[in-house]
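The next block holds one structure in the form of structure tokens; read it before the comments.
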Amino acid sequence: MDLDEMKAVWSDLGAQLDQQKRLNQELIMKMTQEKSSSRMGRIILMEMVGITVSLIILIYLLLNFSRLTDWPALAGGTGMVIILGIAIVFGIRIISQARKIDLIKNTYSTVVERFNEFRKMLRFYRKLSIWTNVVSLFCVIPVTYSLILEQSILDNLRDAGIGFLLGAILTPIILYLIIRFYSKNISQVKKALKDADFKD
Amino acid sequence: MSNTAEFTQLISENEGAIFKITSVYTDDRDSQKDLYQEIVLQLWKSFDAFKGASKRGTWLYRVALNTAISYLRKSKKHKVLVPIDQVVQHLTEVQDSDFEDRLKTLYAQIRELDSLEKGIILLYLEDKSYEEIAVITGLTVTNVATRLSRIKNKLKKQINPES
């Protein structure tokens, strides 16, 4: 068979293949899902880290609660237990909602609906975390004095003032970084979902 | 048009070409399916970065051929030679027996070439110009011409071993 004849057979093969159309969209949908879930995975990972850290601190705090003797440490400790409890519950809710967003198992409209619920939940969580961060600033310092430095904040008001000042500077920065992380990943998931809007 | 829709359209338009590449570099249906998925995956991964950096066809063939060649290298260790009848059987639902015979001859000849030669002949059969083949394979135009001439001789020898 010479090259011209090979070319003719090749071209016939191409024509036959065009008629057969073997590829299905499922393969591409799977890849889109991988793309969106890898972005969602970052949020889930962040939440998992948050839950683990919160749980460790909560257990430590509960095990050492009897060591909180003065009233600021007791009030701070109680506040921290509540805040950490809320953070853990919300973290679990975020993870479970994020895992429901699946382009393969659900229709596009269901995915969008769940994604919107997820965003609403995150928006509420964001507002709540602004308040909890401010409150936790007042809780962490007396508790730290009591459990780590084994002193009462009431005996070190000047140093505690510096601690509050540092906290007041650092808290907005930390909050900004957290909010930016969520906004960035949410907009990426939104983009991935928008990319998949060709199929329902 | 969304990214995914654009990509789906690109794959649909070039489905036949990708299928033919996979058929040249594999011997059985499972390997072909694997390679097909691997090529689509590699195209998807580089799709965002591509965005008109070169001609679409050039980019697609380059990614597909590179993926196929590296796939062939990886699978060479476990290579089992499948009879050419089976190779053609898995290609397409061929109805015409004469066409099937010609296809068997074509694949038997391509099978004797090395991985780069397979790529060059494939592009040649796809009606690509020497310049396009050079861009896709990374060879110079002169090198493409020389290699194609060698391939022609090789194919001639396959038909007439005494020539």
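Computed from the coordinates by the stated procedures, all read-outs in this text should not be read as laboratory data. Note that the coordinates shown come from a computational prediction; the quantities given were computed from them, not determined experimentally. Here the Cβ positions follow ideal geometry from the backbone for every residue, glycine too, while neighbour counts run over all protein chains shown.
Under the convention that each Lys and Arg Cβ holds +1 and each Asp and Glu Cβ holds -1, the size of the dipole of the range A:39-195 around its Cα centre is about 1100 debye. Peptide A:2-14 has a mean shielding of 6, counted as Cβ atoms of other protein chains within 10 Å of each residue's Cβ. Once the Kirkwood radius over Cα pairs is known for the range A:39-195, the Stokes-Einstein relation at 25 °C and 0.890 mPa s delivers a diffusion coefficient of 142 µm²/s. Across the range A:70-84, coupling constants 3J(HN,Hα) worked out from phi with the 6.51/-1.76/1.60 Karplus curve, θ = phi - 60°, read 7, 5, x, 5, 5, 5, x, x, 4, x, 5, 4, 5, 4, 5 Hz, and Gly and Pro carry x. Shown here for the range B:19-54: trypsin sites (Lys or Arg not before Pro) in loop regions (DSSP other than H, G, I, E, B) with at most 10 other Cβ atoms within 10 Å, namely B:Lys51. The trypsin sites (Lys or Arg not before Pro) of the range A:95-200 that DSSP puts in a loop, and whose beta carbon has at most 11 other beta carbons within 10 Å, are A:Lys105. For the pair A:Tyr176 and A:Ile130, label points projected 7 Å from Cα toward Cβ lie 1.5 nm apart.
Calculate, for B:Ser12 and A:Val53, the FRET efficiency according to 1/(1 + (r/R0)^6) with r their C-beta to C-beta distance and R0 56 Å; round to the nearest 0.05. Computed FRET efficiency for B:Ser12 and A:Val53 comes out at 0.75. The value of relative contact order for the range A:39-195, using C-alpha pairs under 8 Å at least six residues apart, is 32 percent.
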